[in-house]
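K.L.:
So that we are looking at the same thing, I have put the structure below in C-alpha cells.
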Amino acid sequence: MDLRNIDPIMREALDHFIFPLVSKTDVNAGDPIIFKSGKGMMMTDIMDKSYLDMLSTNTRASSLGFANEHIAKAIYDQMMELHYAGTFAHVADVTVRLAAKIAELAPGELTASTFGGSGSEANENSFKFAREYQIHKGDKPYARKIISRWDAYHGATMGAIGATDILGTRHITEPGVPGHHRIPAPFLYRTPFGMDASEVCDFCVDYLEQEIIHEGPEYVAAFIAEPVMQGDGAQVPPDDYFKKVRAVCDKYDVLLIADEVITGFGRTGKWFAMEHWGVQADIMSTAKAITGGYAALGASTVTQKVADALPIFSHLQTYQGHPASCAAGLATIDYIEQNDLIRKSSENGAYLLEQMQRLRDLPIVGDVRGLGMWTCIDFTQDKKTKKPLEDGAVKSMVHRCLDMGVLVGEEGTAIELSPPFIATRDELDTCIDTLEKAIIAEAKEQGLG
C-alpha cells in the first residue's frame, strides 16, 4: 500500500482503528477492505469496487444479504416504539416474543432463553447456566469444569476463550478462567493422530468419557461442541458422533451445550444443525444469523429441566435482550419463514456441494465438504500425505478471488463458502468458476499444477 496516496477514510482507519486479528504488517500491506454499501448479494468498498458476497461477510452473520427492508423497518419501528426497557425484572415485550419464538423453533425441550450481544456472550451465559444448574440441583455442587475440543472456537471473551482452541487468541490471555479442558475433535480429513477415518467417531467419544472420568464426573458441568466445526473449514462430524456423545453425557450427568452460533437459524439447511442427527442438547447458544447480521444479538436457550432447577439466574447485562435487536431477530425469522429459506438453504446447499466436487480433480485440492450453505475446499501439497500448502497459499487464493470480485474466506488450511440464503444458483456457479481459476493459478505458482 502506498501510504502517501491513499483514500482519506483508509488513512483514518490506519490512524484510529484497530483491526482485530490482523497484523500491522498485513494492514500496511493493504489487507483491509473498507466497505461503504451493500445490496442483495453485493458489497461495495470505498474505491467503488463491488464484490459478490459468498461468505455472508467474514463472520457468516449476514445470512439474508444486504438492504433487507423488512428487517430494517422492524428495527426502526421498534426504536420509535420503545428503544430500551432496562433489565432485572424489566423487559420489553418484543424480547419476550422472541424468546417464545425461539422456543417454538428449537428442537426438543429447549424452551427458555436469555440474551446477550454476541456469540461469545451467548456461550458465557451457557457456561453460567451449566454451572448454576449443577449447583442448584444439588447432586454435583462442585461441578465447574467445561470440556471442549481441540481446534474449537467458542468466542473471545474471557470465559468463552477458555474453551477456544483456534485463531491464536487464547494463549496470550493465559492464565485464563480455570476449569477448561479439551479433547480431540472428530475431523475426518486430517484425522486425530493420523488414524483411519472409520476409527474417529468411537475414538473421540471414548476420549470424552475418559476425560470426564479423569477430571472426576462430580466436577464436570458440561461438554460444549459446535455441531459443525469451523476449524480448517466446515468440519461435519461422523453420523453417530452426537448420539454417542449424548449417551456419555447422560451417563455422567454432564450437560451437553450445542454451540449453534454459526449453524443456527438455517445455515446447514435446518433451523438448527443438531436436528440433522436427532440429538437434543441441554443448552443451545445462538447468534449471527439470529438477526441476519442486522443487529448485535446472542441467545442462550435451555431445556425446561435446566430452567426449573434455577431459583435465580445469577447474571446481568445492561443491554440484555435489547428491543431493537430482538425486533431484528423476529423480523429475520419471519423473513426466513415467509420466503421458505430453510428449504432453499438445504436444496441450494446440496447443489453447491455437488457442483464443488469437480474441484477435487485439481492438483492441490485435498477435500471438499460441507453441510447446507456452509462448505469448504481443503488444500494439500500431496493428496496421499495430506500435507497442507505452504503458509500464505490459501490467503493468496482468497486474494485472487477478491481481485475477480468474489468474497470467500480463509479458514486455516481451507477456503470456506457460507453464502447468504438468498444466493441464486447462477451466483453459486459464478463462485465455483472463480474458485477454480484461483486454484489453478495458485497450483501453477506453487509448482504443483
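The values are calculated or read from the model by the stated rules, or taken from the named source; none is laboratory data. Only a predicted model underlies this, so the values are computations on that prediction, with no experimental measurement involved. Here the Cβ positions follow ideal geometry from the backbone for every residue, glycine too, while neighbour counts run over all protein chains shown.
K.L.:
Determine which single condition A324 fails, assuming it passes every other condition in (1) aliphatic (A, V, I, L, M); (2) without any contact (Cβ under 8 Å) to a residue 24 or more places away in the chain; (3) farther than 30 Å from K137 by Cβ.
P.N.:
(2)
K.L.:
Need the failing condition index for A324 against (1) crowded, with 23+ Cβ neighbours inside 10 Å; (2) aliphatic (A, V, I, L, M); (3) over 17 Å from T263 (Cα atoms); (4) under 20 Å from the mean Cα position of the chain (by Cα), just the number.
P.N.:
(4)
K.L.:
In the list Q78, Q134, which residue meets the criterion of being over 25 Å from the mean Cα position of the chain (by Cα), polar (S, T, N, Q) and more than 27 Å from T59 (Cβ to Cβ)?
P.N.:
Result: Q134 is the single residue among Q78, Q134 that is over 25 Å from the mean Cα position of the chain (by Cα), polar (S, T, N, Q) and more than 27 Å from T59 (Cβ to Cβ).
K.L.:
Something else: When the residues of region 306-321 are narrowed to those that are part of a helix (DSSP H, G or I) and in contact (Cβ under 8 Å) with a residue 12 or more places away in the chain, which ends up surrounded by the most Cβ atoms within 10 Å (Cβ to Cβ)? Walk me through how you get there before you give the answer.
P.N.:
Keep residues of region 306-321 that are part of a helix (DSSP H, G or I), which gives 306-309.
Okay, now just the ones that are also in contact (Cβ under 8 Å) with a residue 12 or more places away in the chain, so 306-307, 309.
Working: V306: 24, A307: 17, A309: 17.
Looking at the filtered set, the residue picked out is V306.
K.L.:
Which members of region 416-430 meet the condition of being within 13 Å of G370 (Cβ to Cβ) and over 15 Å from the mean Cα position of the chain (by Cα)? Let's see the steps before the verdict.
P.N.:
First, pick out the residues of region 416-430 that are within 13 Å of G370 (Cβ to Cβ): 416-419, 428.
The one that is within 13 Å of G370 (Cβ to Cβ) and over 15 Å from the mean Cα position of the chain (by Cα): L428.
K.L.:
Residues to consider are Y142, Y133; find the one that is out of contact with any Lys or Arg (no Cβ under 8 Å at 6 or more places or on another chain), surrounded by 16 or more Cβ atoms within 10 Å (Cβ to Cβ), within 14 Å of V254 (Cβ to Cβ) and not assigned by TED's automatic domain parsing to the domain that holds A414.
P.N.:
Numbers: Y142 fails: surrounded by 16 or more Cβ atoms within 10 Å (Cβ to Cβ).
Going through Y142, Y133 in turn, just one is out of contact with any Lys or Arg (no Cβ under 8 Å at 6 or more places or on another chain), surrounded by 16 or more Cβ atoms within 10 Å (Cβ to Cβ), within 14 Å of V254 (Cβ to Cβ) and not assigned by TED's automatic domain parsing to the domain that holds A414: Y133.
K.L.:
What are the pairs, 6+ residues apart or on separate chains, where a residue within region 78-90 that is closer than 16 Å to A331 by Cβ and among the charged types (D, E, K, R) has its Cβ under 6 Å from a residue that is modelled with pLDDT of 95 or more and not in a helix (DSSP H, G or I)?
P.N.:
Nothing qualifies.
K.L.:
Moving on. Quick one: which of I257, I183, I224, I213 is surrounded by fewer than 17 Cβ atoms within 10 Å (Cβ to Cβ) and of a type in the set (V, I, T)? Show your work before the answer.
P.N.:
Details: I257 fails: surrounded by fewer than 17 Cβ atoms within 10 Å (Cβ to Cβ); I183 fails: surrounded by fewer than 17 Cβ atoms within 10 Å (Cβ to Cβ); I224 fails: surrounded by fewer than 17 Cβ atoms within 10 Å (Cβ to Cβ).
Of I257, I183, I224, I213, the one residue that is surrounded by fewer than 17 Cβ atoms within 10 Å (Cβ to Cβ) and of a type in the set (V, I, T) is I213.
K.L.:
Could you check, for region 189-197, whether at least one of its residues is out of contact with any Asp or Glu (no Cβ under 8 Å at 6 or more places or on another chain) and aromatic (F, W, Y)?
P.N.:
Scanning region 189-197 turns up at least one residue that is out of contact with any Asp or Glu (no Cβ under 8 Å at 6 or more places or on another chain) and aromatic (F, W, Y).
K.L.:
Would you pick out the residues in region 167-195 that are within 19 Å of the chain's Cα centre (by Cα), basic (K, R) and over 19 Å from E209 (Cβ atoms)?
P.N.:
Across region 167-195, the qualifying residue is only R170.
K.L.:
Return the total of residues in region 1-55 being surrounded by 13 or more Cβ atoms within 10 Å (Cβ to Cβ), at positive phi and free of Cβ contacts under 8 Å to residues at least 12 places away in the same chain.
P.N.:
0
K.L.:
Hey, another quick one. Please indicate, with yes or no, whether at least one residue in region 165-186 is closer than 29 Å to A295 by Cα and touching an Asp or Glu at 6+ places or on another chain (Cβ under 8 Å).
P.N.:
First, the residues of region 165-186 that are closer than 29 Å to A295 by Cα: 165-170, 173, 177.
Adding the requirement that they be touching an Asp or Glu at 6+ places or on another chain (Cβ under 8 Å) leaves 165-166.
Yes: one or more hits.
K.L.:
Being under 21 Å from A438 (Cβ atoms), among the aliphatic types (A, V, I, L, M) and over 20 Å from the mean Cα position of the chain (by Cα) is the filter here, so list the residues in region 327-369 that pass it.
P.N.:
Listed by number, the residues that qualify are M356, L359, L362, I364, V365.
Yes/no matrix, rows are residues, columns are (1) at pLDDT 95 or above; (2) assigned by TED's automatic domain parsing to the domain that holds E260; (3) aliphatic (A, V, I, L, M):
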| residue | (1), (2), (3) |
| --- | --- |
| I9 | no, no, yes |
| A13 | no, no, yes |
| H16 | no, no, no |
| K24 | no, no, no |
| S37 | yes, no, no |
| M42 | yes, no, yes |
| A74 | yes, yes, yes |
| D77 | yes, yes, no |
| A85 | yes, yes, yes |
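K.L.:
Are there any helices (runs of 4 or more DSSP H) wholly within region 45-145 with 3 or more residues that are of a type in the set (A, V, I, L, M) and under 30 Å from G162 (Cβ atoms), and if so which? Working first, answer last.
P.N.:
On the way: elements: 69-81, 93-105, 119-137.
Correct list: 93-105, 119-137.
K.L.:
Of all residues in region 285-305, which are buried (at least 24 other Cβ atoms within 10 Å of the Cβ), of a type in the set (V, I, T) and not in a helix (DSSP H, G or I)?
P.N.:
Within region 285-305, T286, T291, T301, V302 meet the criteria.
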